[in-house]
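Read the structure below first, then the notes.
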Amino acid sequence: MFRSALVRSSASAKQSLLRRSFSSGSVPERKVAILGAAGGIGQPLALLMKLNPLVSSLSLYDIANTPGVAADVGHINTRSQVVGYMGDDNLAKALEGADLVIIPAGVPRKPGMTRDDLFNINAGIVKNLCSAIAKYCPHALVNMISNPVNSTVPIAAEIFKKAGMYDEKKLFGVTTLDVVRAKTFYAGKANVPVAEVNVPVIGGHAGVTILPLFSQATPQANLSGDVLTALTKRTQDGGTEVVEAKAGKGSATLSMAYAGALFADACLKGLNGVPDVVECSYVQSTITELPFFASKVRLGKNGVEEVLDLGQLSDFEKEGLEALKPELKSSIEKGVKFANQ
Ligand SMILES: NC(=O)c1ccc[n+]([C@@H]2O[C@H](COP(=O)([O-])OP(=O)(O)OC[C@H]3O[C@@H](n4cnc5c(N)ncnc54)[C@H](O)[C@@H]3O)[C@@H](O)[C@H]2O)c1
Ligand SMILES: O=C(O)C[C@H](O)C(=O)O
């Protein structure tokens with residue numbers, strides 16, 4: 001009772017602070033573009049970004065169906081102005097002036113497929129979209145959702161390098177869904193309130209390259225080795241669990257939209273100068289020998305402020321880290337090769 005009253009009063013204090021900031025004009029204008037906005041992820045992500053008071057302009061781009069999505073979401077009485085853009089000819093307008101571009105464009109998995117099986121189609125989509133970003137909003141932060149993330153992020157980096165505007169601080173592979181899953185599964189086993197749980201997830205975003213660090217989870221719980229192994233496997237196979245449950249109708253969309261909106265919000269807070277915004281993300285990195293790696297990242301006015309080191313790993317996690325490196329390395333090399341051919 002007391003706790004919920006406290007939560008309510010701190011929430012209303014935050015809201016009135018936000019209202020004061022708006023009226024004093026101190027919440028900056030921010031344009032967010034979603035590429036693939038009419039898709040399974042794109043639509044709920046558009047909804048969630050429309051609810052975000054940090055967004056002043058929401059640009060919804062897809063090759064089809066964006067007018068309907070934009071008209072629908074645009075009726076919601078929140079801060080941002082929504083515009084839908086459809087087709088290649090309108091991509092420039094969709095991107096111009098964007099502070100943040102979120103990319104969930106591309107095909108999803110069906111049962112029996114790996115994320116790498118999406119490479120042939122999605123690599124080309126990402127390449128084209130990133131060429132347009134380089135041209136029309138070279139200073140925007142880019143949140144890459146399209147799979148295989150382990151390769152699409154290196155593709156984006158190469159395209160940006162070729163265009164002469166690559167800034168490694170501004171390119172992010174979105175791995176937030178792995179963190180969201182790890183938190184949910186851990187809270188269930190540790191029997192702790194999920195809202196209080198934190199679990200870093202490192203490596204990449206496919207199978208064994210996803211490595212949750214349950215030894216660093218908070219609140220701490222005394223879970224057996226078998227339970228930790230099962231939790232790790234469930235987190236690594238979380239995407240496949242959804243793909244199989246959807247039985248041919250795609251992969252995670254609603255939980256991904258939630259995760260994508262969380263990460264985008266963290267990026268916007270960083271851009272706006274909010275201190276101590278830390279999230280896991282797959283970024284250019286030197287904390288292992290791999291050129292791209294997911295770990296905790298401090299976000300700031302320029303994007304990545306600091307890639308945090310991995311901290312103490314258990315022996316099980318150290319083994320997992322060594323085991324993921326060959327697959328992650330080859331996915332990165334595949335992306336680099338594709339972008340340069
Ligand atoms: N990073 C993650 O954690 C994560 C989680 C879930 C899904 N995904 C990936 O996100 C992608 C999208 O998944 P979905 O379920 O939304 O798929 P979807 O098929 O429902 O939607 C994809 C959308 O992309 C659009 N699109 C295709 N080519 C385009 C282009 N050139 N420009 C703009 N839009 C284009 C399509 O028209 C469609 O509306 C997939 O690659 C999926 O594997 C990633
Ligand atoms: O599993 C997929 O193909 C989609 C996504 O990467 C996920 O983790 O849900």
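The values are calculated or read from the model by the stated rules, or taken from the named source; none is laboratory data. Values in this document were obtained by computation on a predicted structure and should not be read as measured data. So basically every Cβ, Gly included, is an ideal-geometry build from the backbone, and we count neighbours across all protein chains shown. Surface areas here come from the heavy atoms of the whole protein model, side chains and all, with no ligands, DNA or RNA. Shrake-Rupley method; radii C 1.70, N 1.55, O 1.52, S 1.80 Å.
Here are a few things to note about the model shown:
- The range 244-255, residues that are more than 9 Å from ligand 1 (Cβ to nearest atom), of a type in the set (A, V, I, L, M, F, W, C) and on the phi < 0 side of the Ramachandran plot: ALA245, LEU254
- Long-range neighbours under 6 Å by Cβ, at least six apart or interchain, first residue at positive phi within the range 90-109, second open to solvent by less than 20 Å² (accessible area, probe 1.4 Å) and within 11 Å of ligand 1 (Cβ to nearest atom): GLY106/ASN122; GLY106/SER146
- Residues of the range 76-89 that are out of contact with any Ser or Thr (no Cβ under 8 Å at 6 or more places or on another chain), touching a residue at least 24 places away in the same chain (Cβ under 8 Å) and either in a helix (DSSP H, G or I) or among the charged types (D, E, K, R) (or both): ASP88 alone.
- Remark: pairs (first residue in the range 38-61, closer than 10 Å to GLY260 by Cβ and open to solvent by less than 20 Å² (accessible area, probe 1.4 Å); second residue in a strand (DSSP E or B) and among the β-branched types (Val, Ile, Thr); Cβ separation under 8 Å; 6+ apart in sequence or on different chains) = GLY42/ILE34; LEU45/ILE34; LEU45/ILE102; MET49/VAL32; MET49/ILE34; MET49/ILE102.
- For the residues GLY248, GLY188, GLY238, the requirement of being touching a residue at least 12 places away in the same chain (Cβ under 8 Å), open to solvent by 10 Å² or more (accessible area, probe 1.4 Å) and over 22 Å from CYS130 (Cβ atoms) singles out GLY248.
- Enumeration of residues in the range 156-184 that are within 16 Å of ligand 2 (Cβ to nearest atom) and within 24 Å of LYS337 (Cβ to Cβ): PHE172, GLY173, VAL174, THR175
This table checks each residue for (1) at pLDDT 95 or above; (2) farther than 25 Å from VAL101 by Cβ; (3) part of a loop (DSSP other than H, G, I, E, B); (4) more than 10 Å from ligand 1 (Cβ to nearest atom).
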| site | (1), (2), (3), (4) |
| --- | --- |
| ARG8 | no, yes, no, yes |
| ALA11 | no, yes, no, yes |
| ASN52 | yes, no, yes, yes |
| SER59 | yes, no, no, yes |
